[in-house]
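Student: Sharing a structure with you now.
The values are calculated or read from the model by the stated rules, or taken from the named source; none is laboratory data. Here the structure is a predicted model, which means the values were calculated and not measured. Note that we place each Cβ from the backbone using ideal geometry, even for glycine, and neighbour counts take in every protein chain shown.
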Amino acid sequence: MAKRKQFSGDTKVDRELEELLTQARKTTVSEEQLHEQRVSFAFGNSPDSEFITKDSVRRTSQTIRLAV
């Protein structure tokens with residue numbers, strides 16, 4: 001396979017980005033934040049419809065549960 005130019009040299013590390021990633025690794029996510037991420041994911045992947053809103057996804061997520 002041919003070498004790709006962007007991978008053939010040394011890559012410089014962005015110190016600011018590295019610090020942000022270090023901080024992010026130490027951050028814990030609350031249940032509320034995780035729930036909002038799930039709502040956002042479901043809303044973003046829903047079909048375009050005037051009937052589906054972020055609030056309707058949020059309400060539905062409170063009533064529908066997966067069986068384990």
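Student: Select from segment 9-61 the residues that are among the aromatic types (Phe, Trp, Tyr) and in a helix (DSSP H, G or I) and write down the one among them that is surrounded by the fewest Cβ atoms within 10 Å (Cβ to Cβ). Explain how you work it out, then say what you get.
Tutor: Within segment 9-61, the subset among the aromatic types (Phe, Trp, Tyr) is 41, 43, 51.
Now drop any that are not in a helix (DSSP H, G or I), which leaves 41, 43.
Values: PHE41: 11, PHE43: 16.
The selected residue is PHE41.
Student: Another question, then. For the structure I just gave you, tell me whether GLN6 is out of contact with any Gly (no Cβ under 8 Å at 6 or more places or on another chain), exposed (fewer than 11 other Cβ atoms within 10 Å of the Cβ) and at pLDDT below 95. Steps first, please.
Tutor: Values: out of contact with any Gly (no Cβ under 8 Å at 6 or more places or on another chain): yes; exposed (fewer than 11 other Cβ atoms within 10 Å of the Cβ): yes; at pLDDT below 95: yes.
Yes, satisfied.
Student: Something else: Within segment 34-68, which residues are among the basic types (Lys, Arg) and in contact (Cβ under 8 Å) with a residue 24 or more places away in the chain? Give the derivation first.
Tutor: Here is the first cut: in segment 34-68, the ones among the basic types (Lys, Arg) are 38, 54, 58-59, 65.
Listed by number, the list is empty, since nothing qualifies.
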